[in-house]
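Notes follow once the structure below has been shown.
The values are calculated or read from the model by the stated rules, or taken from the named source; none is laboratory data. Source: prediction; values computed, not measured. Counting neighbours? That spans all protein chains shown, and the Cβs are built from the backbone with ideal geometry, glycine included. What goes into the accessible areas is simple: the full protein's heavy atoms, side chains included, and nothing from ligands, DNA or RNA. Shrake-Rupley method; radii C 1.70, N 1.55, O 1.52, S 1.80 Å.
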Amino acid sequence: MALMPRQSQFFPGRPAATEHPLADYRPHQPVGAVSEYVEALTSPGDLVVDLFCQGPRFVAEAVDLGRRVLGFSVNPLLLAAARMGLIRVDPQAFRAAFTALADSPQGDRPLQSHLLSLYRSACPACTAAGVAEWFAWDRDIDYPFEKAVRCRECGEVQVGPTDRDDVALARSVAPRGLAYYYALDRAAPLNHPSRDRAAELVDCYTPRNLSALMALNRRLDGLRVTHAVKLALTAALIECFDRGSKLYAYGDPRRRPRTLRVPVRYLERNVWFRFEQAFQDLESDEPRISVAQEQDPRSLLRHERDGYALVARAAREVRELVSPDSAALVLVTPPRPDGVFWALSALWATWLWNSPEARAMRPFLQRRRFDWDWHWRALREALKVVAPCLTAEGSLVTLFDVDEEALLESVCLAASGAGYDLQCWGYAPETGYGLVWRWDEGQPARPLDAERLQGRMINEVKRATVQTLQNRGEPTPRPLVRAGAHTALIEKALLPSVGALDGGEAAMAFLADSIRQGLSAAPITELSGDENKGLWWLSDPPEAVDTLADRVEATVRHMLNERQVWTESDLVNGVYARFPRVLSPDLTFVHVCIESYGAYVNGQIHLRSEDDKQRRRREVEHVRENLIEMGERLGYRGVAGHVWDVRWLEDGREAYVFLVSSTAAIAAFLLHRRLSRVEAQRCLVVPGGRAGLVDLKLQRDPRLGRAVEAGGWQFIKFRHLRRLMKEDDLDRYAFKTVLGLDPIIEQEGAQIPLF
């Protein structure tokens, strides 16, 4: 009897910062998402493969749930980053090793003292002796022109111009000294084909910083400490290799270099200060799991042991270890085609380790082509290799953020071209995409006529885009619109044919052009204004205003009503299960809906007592009665109505009209054409607990904000109305004056001025 495939959905997880080392190069991976996929798609004891291991998070979450995990990477630096999050480092031993390293002899003085002396400098404010945090250099004249000095006399860092002593000290270190040749020989020995390229990379460091880095590297290499402590110190040194290069432009806020060309003006950072900072950052990090040690991969695969193993092999070599039909889940966050990172990784790996894994990185010193056409084809081959390793009901899950649009195209082309079928997907701007695939080798794609294929793709993108916006009923972020277009092409089995065009050499450009033309042909428009950049909406929308935001709010309210107690993750995942694929809401909005209706008690969520159905119904009736009474007190005729809950009339004409709602479902009111033609003062009365939700809806849907401003809408909280009812001497002038004194949004910086 065939096994039934497991069911899954999109799990957004929670956004989290990437840990050190190499945090600026590694992808952001959501917390908790892998735990949910592992629980949904595997059983305890199953094998999970992290195909491109780039950190500890995927491994940690799967191991914590009792799965065996293999993490693969050809890059030993990425495996070191993963190990750093998976081992326990004794804080006392770590601090002791740092101190021992600082006190180790360098000539006639301790290493720390020697390294700091390389950056000695006079304070530009008071001329007292100090140590520079950095020098700014001009590349063309090879001259440091500015500095930042830690001054004990001033008690702060002072920034100012350099002096003659600074220039003389910088030039006192020989550019082709022992440190240079040590660094170059470690990277590529004499007569090695990568020697010239390695020399270019070594030249990305000033002689002073290279001398400091190699001194640290040699001392660390000879330090006798535990494996865990050595790894932690190595991670700190990797941070110095990165931040100590000349690739960071002076005055440029970018967090990592995008090119291997030294900027015209660059920073030379104090290597010892950077090492201290990296040590402090790593000292504060907590390990993610309590596995005693990494296991031998073969014993793990034979199920002799539980836990994890990290393997320094390329994805194309997975089948040399993993047997067919043995992996229940393969996790993939594809590495970016970042030539800068891979070239630097090759350099740093050879500096750190004289090992086969480090030497295997040397080809990356020479490789200069890391474009997206190369990326998707390499990814497709890796996914083909791992496919037979999956069990009959096994799944492939691709998780990645949206920092580069081409990554979505590459993943979709690669997975569909490797014979995978898309089962489900979702997107949250805070955590990125999650796509679940199952392998179905099927028949190889037949090449189609390019012109005919593109015509079909353009029409499909146009159709899918319009349908996405119609189904959501609100302006939608560009990444989700594009995802809807890509997945529509997958469902129509068109992407494998794209990959078959002329060997796939121009597949990425062909796909990108088809998407672009399809979006251009669709009757949609990008909303104007910086705050709305990247939001797409229909050019001629229907009058219906059943927005996704209002539906999500109603779903959260219903779920809290139908079940007494929820965990936050169960509630969030339950919402996403009800809004799959193109209906995926943004995670922030889901959380604000939960906060609006839910109360947190001991880590669990239940419906707020004031949002009990009967209680809210009575409160709304009471608010309507108060409004009628208040209108009478102010000399109006208060009338209950059908379209408007309450109207205040004067001489038979409407002066004020009120809508009373216990929810934040405001789109139906603000966008209703009939209501927009009313000349009276329009007021929407809502509970104070809906204020944050109303504000977020106004921010995320620019149509609502414009309607508030154009219609002069006033928002009144229930509690505000109760306070006004207690005013004995309330008159019309006072009512109009105080109406906006308790605004719907009390925090600073609200984007829409409501009063």
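Some values worked out for this structure:
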{"item": "Condition met for L379 (surrounded by 17 or more Cβ atoms within 10 Å (Cβ to Cβ), of a type in the set (A, V, I, L, M) and farther than 23 Å from L494 by Cβ)", "result": "no"}
{"item": "Test: R298 is open to solvent by 60 Å² or more (accessible area, probe 1.4 Å) and at pLDDT 90 or above", "result": "yes"}
{"item": "Number of the condition not met by Y205 [criteria: (1) in a loop (DSSP other than H, G, I, E, B); (2) over 15 Å from N354 (Cα atoms); (3) free of Cβ contacts under 8 Å to residues at least 40 places away in the same chain]", "result": "(3)"}
{"item": "Top-ranked residue in segment 139-158 [being open to solvent by 80 Å² or more (accessible area, probe 1.4 Å) and under 37 Å from the mean Cα position of the chain (by Cα); ranked as nearest to A170 (Cα to Cα)]", "result": "R150"}
{"item": "Pairs where the first residue, in segment 102-128, is small (G, A, S) and open to solvent by 50 Å² or more (accessible area, probe 1.4 Å) and the second is modelled with pLDDT under 95 and in a loop (DSSP other than H, G, I, E, B), C-beta under 8 Å, 6+ apart", "result": "A125/C154"}
{"item": "Residue in segment 497-515 that is most open to solvent (accessible area, probe 1.4 Å), counting only those that are touching a residue at least 12 places away in the same chain (Cβ under 8 Å) and among the charged types (D, E, K, R)", "result": "E505"}
{"item": "Matching residues in segment 591-619 - criterion: being touching a strand residue (DSSP E or B) at 6+ places or on another chain (Cβ under 8 Å) and open to solvent by less than 50 Å² (accessible area, probe 1.4 Å)", "result": "I594, Y597, G598, A599, I605, L607, R608"}
{"item": "Among the residues listed as V89, V59, V63, the single one being open to solvent by 10 Å² or more (accessible area, probe 1.4 Å), β-branched (V, I, T) and within 22 Å of A235 (Cα to Cα)", "result": "V89"}
{"item": "Segment 177-197 residues that are in contact (Cβ under 8 Å) with a residue 24 or more places away in the chain and surrounded by 13 or more Cβ atoms within 10 Å (Cβ to Cβ), paired with ones that are assigned to a loop (DSSP other than H, G, I, E, B) and of a type in the set (A, V, I, L, M, F, W, C) (beta carbon under 6 Å, 6 or more apart)", "result": "S194/A188"}
{"item": "Residue list for segment 540-572, restricted to those being of a type outside the set (A, V, I, L, M) and farther than 23 Å from L469 by Cα", "result": "R557, H558, N561, E562, R563, Q564, W566, T567, E568, S569, D570"}
{"item": "In segment 219-250, residue farthest from A136 (Cα to Cα) [restricted to those that are free of Cβ contacts under 8 Å to residues at least 40 places away in the same chain and assigned to a loop (DSSP other than H, G, I, E, B)]", "result": "R224"}
{"item": "Hey, S345 of a type in the set (S, T, Y), out of contact with any strand residue (DSSP E or B) (no Cβ under 9 Å at 6 or more places or on another chain) and either on the phi < 0 side of the Ramachandran plot or open to solvent by less than 10 Å² (accessible area, probe 1.4 Å) (or both) or not", "result": "yes"}
{"item": "Considering residues of segment 357-387 that are in contact (Cβ under 8 Å) with a residue 24 or more places away in the chain and of a type in the set (F, W, Y) only, the residue nearest to A418 (Cα to Cα)", "result": "W376"}
{"item": "Failed criterion for R682 (all others in (1) farther than 19 Å from D546 by Cα; (2) surrounded by fewer than 21 Cβ atoms within 10 Å (Cβ to Cβ) hold)", "result": "(2)"}
{"item": "Residues within segment 469-496 that are open to solvent by 20 Å² or more (accessible area, probe 1.4 Å), closer than 24 Å to L704 by Cα and in contact with a strand residue (DSSP E or B) (Cβ under 8 Å, 6 or more places away or on another chain), tallied", "result": "4"}
{"item": "L41 vs. criteria over 30 Å from A346 (Cβ atoms), of a type in the set (A, V, I, L, M) and surrounded by 17 or more Cβ atoms within 10 Å (Cβ to Cβ)", "result": "yes"}
{"item": "Test: A655 is in contact with a helix residue (DSSP H, G or I) (Cβ under 8 Å, 6 or more places away or on another chain) and within 23 Å of V708 (Cβ to Cβ)", "result": "no"}
{"item": "Residue within segment 133-147 that is in contact with a Leu (Cβ under 6 Å, 6 or more places away or on another chain), at pLDDT 95 or above and closer than 16 Å to S211 by Cα present", "result": "yes"}
{"item": "Residue within segment 37-58 that is free of Cβ contacts under 8 Å to residues at least 40 places away in the same chain and touching an Asp or Glu at 6+ places or on another chain (Cβ under 8 Å) present", "result": "yes"}
{"item": "Number of positions in segment 224-279 that are of a type in the set (V, I, T), farther than 19 Å from L213 by Cα and under 26 Å from the mean Cα position of the chain (by Cα)", "result": "1"}
{"item": "Lone qualifier among V402, V466, V397, V436 - being of a type outside the set (F, W, Y), in a helix (DSSP H, G or I) and open to solvent by less than 60 Å² (accessible area, probe 1.4 Å)", "result": "V466"}
{"item": "S326 polar (S, T, N, Q), open to solvent by 30 Å² or more (accessible area, probe 1.4 Å), out of contact with any Pro (no Cβ under 6 Å at 6 or more places or on another chain) and under 18 Å from A81 (Cβ atoms)", "result": "no"}
{"item": "Residues that are open to solvent by 10 Å² or more (accessible area, probe 1.4 Å), in contact (Cβ under 8 Å) with a residue 40 or more places away in the chain, in a loop (DSSP other than H, G, I, E, B) and not charged (D, E, K, R), drawn from segment 559-590", "result": "Q564, V565, P580"}
{"item": "Wholly within segment 600-718, helices (runs of 4 or more DSSP H) carrying at least 3 residues that are under 26 Å from L527 (Cβ atoms)", "result": "667-670, 673-676, 691-700, 702-711"}
{"item": "Any hit, segment 453-462, residues being in contact with an Asp or Glu (Cβ under 8 Å, 6 or more places away or on another chain) and either open to solvent by less than 10 Å² (accessible area, probe 1.4 Å) or in a strand (DSSP E or B) (or both)", "result": "no"}
{"item": "Selection within segment 685-711 - of a type in the set (K, R) and either open to solvent by 10 Å² or more (accessible area, probe 1.4 Å) or under 22 Å from L535 (Cβ atoms) (or both)", "result": "K697, R700, R703, R706"}
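Table: residues versus (1) of a type in the set (G, A, S); (2) surrounded by fewer than 19 Cβ atoms within 10 Å (Cβ to Cβ).
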| site | (1), (2) |
| --- | --- |
| A212 | yes, no |
| R218 | no, yes |
| L223 | no, yes |
| K230 | no, yes |
| A236 | yes, no |
| L247 | no, no |
| R255 | no, yes |
| W272 | no, no |
| E276 | no, yes |
